[in-house]
1. Any residue at all in the range 315-323 that's more than 16 Å from Leu197 (Cβ to Cβ), out of contact with any Phe, Trp or Tyr (no Cβ under 7 Å at 6 or more places or on another chain) and surrounded by fewer than 23 Cβ atoms within 10 Å (Cβ to Cβ)?
2. Only one of these conditions is not met by Ile245: (1) under 30 Å from Pro183 (Cα atoms); (2) modelled with pLDDT under 90. Which number is it?
3. Name the one entry in Gly91, Gly178, Gly168 that is at positive phi, crowded, with 17+ Cβ neighbours inside 10 Å and of a type outside the set (S, T, N, Q).
4. Count, please, the residues in the range 207-256 that happen to be under 21 Å from the mean Cα position of the chain (by Cα), under 22 Å from Leu157 (Cβ atoms) and without any contact (Cβ under 8 Å) to a residue 60 or more places away in the chain.
5. Return the residue satisfying two criteria in turn: it lies in the range 122-144 and is farther than 16 Å from Asp323 by Cβ and among the hydroxyl-bearing types (Ser, Thr, Tyr), and of such residues it is modelled with the highest pLDDT.
6. Which of the numbered conditions does Thr216 fail, given that it passes all the others? Conditions: (1) under 18 Å from Ser138 (Cα atoms); (2) hydroxyl-bearing (Ser, Thr, Tyr); (3) surrounded by 17 or more Cβ atoms within 10 Å (Cβ to Cβ).
7. Sort out which residues of the range 116-130 are out of contact with any Leu (no Cβ under 7 Å at 6 or more places or on another chain), touching a residue at least 40 places away in the same chain (Cβ under 8 Å) and surrounded by fewer than 17 Cβ atoms within 10 Å (Cβ to Cβ), and write them in order of number.
8. Against the conditions (1) assigned by TED's automatic domain parsing to the domain that holds Thr215; (2) at pLDDT 90 or above; (3) of a type in the set (A, V, I, L, M, F, W, C), where does Val95 fall short? Just the number, please.
Amino acid sequence: MIIQRYTWLFVLLAIRRSWADFTVSEQDLTVAVDGQKTFDLYLNNSLSEDVEVRFDIQHSDLVKTNPANFSLSAANTTAQWTITVFGLSAGYSTVSANITPSDAASVTNAFVRVTIEKSETLRHVSVVVGWVYFLAWSISFYPQIHINYKRKSVVGLNFDFLSLNIVGFVMYSLFNCGLYWIPEIEQEYFNRYPKGLNPVKVNDVVFALHAVFATTVTILQCFIYERGTQRVSIMARVIHGIFTIFILVSIILAGIDTIKWLDFLYYCSYVKLAITLIKYVPQAFYNYKRKSTIGWSIGNIFLDFTGGMLSMLQMILDAYNYDDWDSIFGDPTKFGLGFFSVAFDIFFLVQHYVLYRDRNDYLELPEDCCEDQNQENHRVDTSLGYQAVDK
């Protein structure tokens with residue numbers, strides 16, 4: 001009987017202690033260098049004993065708090081305190097409340113993720129640049145879709161390019177979605193780059209998923225419209241096989257904890273970066289072989305160029321604003337995607353406007369052409385890059 005009473009007393013004390021819970025008004029805070037912001041610390045129930053509250057800062061060279069610590073008695077009736085956070089240097093840190101004794105209350109949710117920026121204006125500019133690059137890159141898919149629909153033909157559009165493109169964007173989507181939406185992987189990133197910010201933004205996620213959709217639509221057009229003798233080359237199939245084996249091995253290694261899942265996502269991003277390096281080569285060679293860019297939308301190139309430049313600009317703005325140059329190395333795919341896209345876009349512009357500028361329009365038959373002449377005699381071989389317009 002005595003044992004039962006003490007058991008119930010212990011349970012009641014444990015329940016009472018569990019009711020005492022420290023929380024914060026917000027868990028994400030952005031403060032300027034040499035600026036300050038506040039958050040509120042709450043206690044939802046009375047304490048069973050006196051405690052000492054202190055704030056542990058992940059990077060004390062980036063932020064400080066006022067107060068840094070304070071004492072609470074069991075008789076305390078205050079349930080809310082305002083804590084001031086001062087920004088010392090640009091970067092990312094976490095402010096966590098801890099108490100002594102540690103079992104007097106729960107502090108599980110009493111933490112704030114603090115982002116310290118050099119300029120609020122730069123942050124807003126970065127957001128605008130991000131969404132403009134998203135629009136430019138997203139719209140860049142549609143001139144090609146439109147020209148395929150208008151011609152009812154995909155002759156001139158290289159199938160190796162399309163097959164590599166869809167695989168690349170699927171890999172890029174895995175990387176962006178995993179790092180943006182899975183907390184465990186995001187935490188792995190912060191463990192690896194303690195002072196860094198997550199380099200993946202919402203516009204990156206939306207762009208990657210949309211790119212998969214738009215590329216899929218273009219591939220479906222290849223099954224509907226005239227495609228001539230075009231097919232995915234043996235070399236492209238070998239490359240796909242190599243990438244498939246690489247990804248399958250990476251999944252197995254991550255599944256047995258030989259590598260982190262963050263490393264697996266990085267490997268996916270490296271596949272995307274490798275594809276970005278090589279996917280334009282078949283189209284560039286195809287244009288060279290035909291001495292023409294007909295069937296390859298120049299509107300797509302202009303938009304792709306704009307998106308690539310703005311994508312790199314956003315990363316540079318963020319790296320400067322948060323003194324977080326590791327973010328460029330933390331997401332090499334995004335920066336590499338922009339850089340190599342821009343480089344190839346310049347080459348395609350040279351092909352279109354310099355090298356093959358005389359062979360980039362549909363060849364129209366002269367109006368005084370004899371009506372009874374066989375139409376086939378007036379059609380230029382499409383393999384040379386021309387397509388006649390019927391009068």
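1. no
2. Ile245 satisfies every listed condition except (2).
3. None of the other options fit; the residue is Gly91.
4. Residues flagged as under 21 Å from the mean Cα position of the chain (by Cα), under 22 Å from Leu157 (Cβ atoms) and without any contact (Cβ under 8 Å) to a residue 60 or more places away in the chain within the range 207-256 amount to 4.
5. Tyr142
6. (3)
7. Ser119, Glu120
8. Of everything listed in (1) assigned by TED's automatic domain parsing to the domain that holds Thr215; (2) at pLDDT 90 or above; (3) of a type in the set (A, V, I, L, M, F, W, C), Val95 misses just condition (1).
The values are calculated or read from the model by the stated rules, or taken from the named source; none is laboratory data. Since this is a predicted model, take the numbers as computed values, not measurements. We place every Cβ from the backbone using ideal geometry, glycine too, and count neighbours over all the protein chains shown.
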